[in-house]
Amino acid sequence: MRRLPLLTILLVLLLSVSCNTTKPVEGYYTKAHFTHAALRTQLFIDAVNYSESGIVYDMLAGEYRSQISRDEFIRRFEEDRTYPYLTPLYLHLVSLSLPLRNDGQVVCSVASRMEGEYFRFPIRYEDGEYYFLAFSELIDGSYIDKFPNQVVKWI
């Protein structure tokens with residue numbers, strides 16, 4: 001009889017530790033972390049859709065931010081938006097995957113462009129927050145070569 005209360009206490013303690021969803025386990029994410037990643041991803045997408053280049057820069061992974069200044073990124077982001085696109089870049093979240101770790105992949109459909117066009121980019125958990133590895137062409141300057149010697153015809 002004395003063992004039953006002791007076993008019950010041990011079982012409750014074991015369950016309370018194993019069911020804790022507020023602390024991430026090394027190499028895994030919890031439902032709370034996935035929800036946070038999804039909200040952060042939508043914030044990033046909204047910043048892209050509404051050309052909030054400063055917010056986009058702030059949400060880039062440290063690896064990217066270390067390669068370009070905030071002012072230069074904003075200048076390039078705005079310059080890239082002045083190319084003669086028939087429609088603006090507007091993204092819709094299709095999927096977010098975090099395969100049992102804190103890094104993953106974001107897939108967005110690109111609205112009002114060619115059907116089936118997708119914009120894919122990695123999401124990374126660093127310094128307690130989710131950041132994105134997107135717009136590498138703005139960072140390395142290759143965005144300039146998007147439309148070399150191309151003439152846009154208006155029909």
Which residue pairs have Cβ atoms under 9 Å apart, sit 6 or more places apart or on different chains, and have a first residue in segment 57-77 that is loosely packed, with under 14 Cβ neighbours inside 10 Å and a second that is basic (Lys, Arg)? Gly62/Arg124; Glu63/Arg124
Within segment 26-51, restricting to residues that are surrounded by 12 or more Cβ atoms within 10 Å (Cβ to Cβ) and of a type in the set (A, V, I, L, M), the one that is modelled with the lowest pLDDT is Ala32
Looking at Val106, is it at pLDDT below 95 and of a type in the set (Val, Ile, Thr)? no
Restricting the search to segment 122-132, which residues are out of contact with any Phe, Trp or Tyr (no Cβ under 6 Å at 6 or more places or on another chain) and either loosely packed, with under 13 Cβ neighbours inside 10 Å or of a type in the set (A, V, I, L, M, F, W, C) (or both)? Glu126, Asp127, Gly128, Glu129
Do the conditions hold for Ser95, that is, is it outside any helix (DSSP H, G or I) and either touching a strand residue (DSSP E or B) at 6+ places or on another chain (Cβ under 6 Å) or open to solvent by less than 20 Å² (accessible area, probe 1.4 Å) (or both)? yes
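The values are calculated or read from the model by the stated rules, or taken from the named source; none is laboratory data. Everything numeric here is computed off the predicted structure, so don't read it as measured data. Positions of Cβ are generated from backbone atoms using ideal geometry, with glycine treated the same way; all protein chains shown enter the neighbour counts. Areas reflect the complete protein model, heavy atoms only, side chains present, ligands, DNA and RNA absent. Shrake-Rupley method; radii C 1.70, N 1.55, O 1.52, S 1.80 Å.
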